[in-house]
Structure formats: C-alpha cells, structure tokens
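The next block holds one structure in the form of structure tokens; read it before the comments.
The values are calculated or read from the model by the stated rules, or taken from the named source; none is laboratory data. Computed from a predicted model, the values in this text were never measured in an experiment. Because the Cβ atoms are built from the backbone with ideal geometry, glycine has one as well, and the counts that use them run over all protein chains shown. Ligands, DNA and RNA are excluded from the accessible area calculation, which covers all protein heavy atoms including side chains. Shrake-Rupley method; radii C 1.70, N 1.55, O 1.52, S 1.80 Å.
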Amino acid sequence: MLTPGLQRSVLDMHVHSAVASSDSTLNPHKLPELARAAGLTGVNISEHDKMWDRHLRAEYRERHTDFFVNFGMEISTDLGHMLAFGLPAYISGIRRAEQLRVELDAVGGFLIVAHPFRHVFDNVTAMRKDSVPFELTPAEAARLPVFQLADAIEIANGCNTPRENYFAYEVARELGLPTTGGSDAHSESGIGYYATGFERELRSEADLLEELHAGRFEAVVRSAGGDFARFEPGVVEAVAAARG
C-alpha cells in the first residue's frame, strides 16, 4: 500500500477525448493544463473500442513533452467494460473478454475491470432491463467470470456513486486484486478527483506496464488539501466534510 501524499506519479487512468470517443467533448490539448491544476502528473486516454492513430499519438506526445500521457482503450466486452493497456491498436475479436485476455497476454498487456457495479443498485435500471435487484454479497460478486480474467479493478470511478465504488472496493479486497481510479471524464469536468497513485515516476508506456504488473499502485482520491489519499470506504464523505 502507498503512503498517502508520497506517490511519485498520479494518473487519471480513465479519460475520453473528442478525438475518438463520439460521446466526449473534451479537447485533449486542454488535458495537460486541467490535469496539472488537479495535481496530476499524467493521464491515460482510453477511448471507446479504438485507439488514436499511431502518428497522431506521436504528434500529441511531441507537443506535450513535459506531461506523461498513455493511450489505452475501454473495450465493451461480453462481460462488461474493461480497460486494456499495451495493445498497439484495436484487434478484431477482443469484444470477447477471453480473447482480449489472450491478446493482452501475448504482448505483456494489462487488464482492468472498469466501473463494474455501475447502476446495479438502481431499481429503475433493473426494471428497465427486466432483471431482479442486485443482491450479491462482495464475496459472491467476486466469483463473477469477469474478475477471473482481470489484473486489477477500477474501484474509484467519477461517474459512479460512492456506494457502487465502495462495493467494488470490497470485491477487490475479497480477490486480493490491486485497484485503480479515474474520472471517466467525457468533458472538462471531474478530471483528477479520482486517480491512481504510483510509487515510482512514470516516463513511458513501458514504465507504466512495469509498475502495473508489479502492483505498485492504488486508487486515490484528491483530498480537501489538494493532495491524494487512499480510496477506501468513508473517504468520499470525509473529503466532502473537510471541504465544508
């Protein structure tokens, strides 16, 4: 576990831009300024089921040489949304989660379950899907197939409710899996409130993958004082109370 306030790198690991996510209005060239203002050292741009062209990626990095940026993808799989790191581009067939796992293993990639419990406690959503209310315990939810394929779990997502995020925290603890945080921003709002703290400074995608595989990271939340604290049950309410 990281010591609060001593992270060497803090990344928003889940951001969508207007370049390749049709539901996003976020201008990526505003990201460095917005991220620094939130106390971040970098971001991971994770577009929906696609990745920027490699020339565009290189051009963006050259334009923002003093800011760490990685490019991943949020894949809509048959087991839910998953954040994939290490693939050079979208590959046919990876909407099947098991195939996505195979492709990532082939390149030394990393797989994170994204916002796994979004809307599950919403009775209206359950009615619309003609399903029963969600009643699994964390131990029962930990046995769901998606978690058997994952390297980590996103437990702090800016588009989730605290209850949804706290439940993901409990599932990660049941499984002993490391945790990540990100804004899931589709606009300039919310960047950097939830993030992922790393023990070491990140300078390249290779650095990021090394630290991910080593487990030297965890989900964090920006405190009232502007530094980052470990994400755990009760922290959102504590931060809100400190801000008055």
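Considering only residues in the range 74-105 that are out of contact with any Leu (no Cβ under 7 Å at 6 or more places or on another chain) and within 16 Å of HIS115 (Cβ to Cβ), the one that is least open to solvent (accessible area, probe 1.4 Å) turns out to be LEU83.
Residues that are open to solvent by 50 Å² or more (accessible area, probe 1.4 Å) and among the hydrophobic types (A, V, I, L, M, F, W, C) within the range 195-213 comprise just one, ALA206. Within the range 143-160, residues that are acidic (Asp, Glu) sit with their Cβ atoms under 8 Å from residues that are open to solvent by 10 Å² or more (accessible area, probe 1.4 Å), at 6+ positions apart or across chains, in these pairs: ASP151/LEU177; ASP151/PRO178; ASP151/HIS213; GLU154/HIS115; GLU154/PRO116; GLU154/THR179.
Residues in the range 216-244 that are farther than 22 Å from PHE71 by Cβ and either in a loop (DSSP other than H, G, I, E, B) or in contact with a helix residue (DSSP H, G or I) (Cβ under 8 Å, 6 or more places away or on another chain) (or both): 15 in all. When you scan the range 30-40, do you find a residue that is at positive phi and more than 15 Å from the chain's Cα centre (by Cα), even just one? Yes, that holds for at least one residue. Restricting to the range 25-72, name every residue that is under 19 Å from ARG203 (Cβ atoms) and hydroxyl-bearing (Ser, Thr, Tyr). Within the range 25-72, THR41, TYR60, THR65 meet the criteria. PHE167: modelled with pLDDT under 95 and of a type in the set (A, V, I, L, M, F, W, C), yes or no? No, not satisfied.
Is it the case that some residue within the range 72-80 is hydrophobic (A, V, I, L, M, F, W, C), assigned to a strand (DSSP E or B) and closer than 28 Å to ALA150 by Cβ? There is at least one residue in the range 72-80 that is hydrophobic (A, V, I, L, M, F, W, C), assigned to a strand (DSSP E or B) and closer than 28 Å to ALA150 by Cβ. Going through GLY72, GLY93 one at a time, which residue ends up being of a type outside the set (A, V, I, L, M, F, W, C) and at negative phi? Testing whether each residue is of a type outside the set (A, V, I, L, M, F, W, C) and at negative phi leaves just GLY72. Tell me which residues, restricted to the range 81-132, are part of a helix (DSSP H, G or I) and either touching an Asp or Glu at 6+ places or on another chain (Cβ under 7 Å) or modelled with pLDDT of 95 or more (or both). Of everything in the range 81-132, those that are part of a helix (DSSP H, G or I) and either touching an Asp or Glu at 6+ places or on another chain (Cβ under 7 Å) or modelled with pLDDT of 95 or more (or both) turn out to be ALA97, GLU98, GLN99, LEU100, ARG101, VAL102, GLU103, LEU104, ASP105, ALA106, VAL107.
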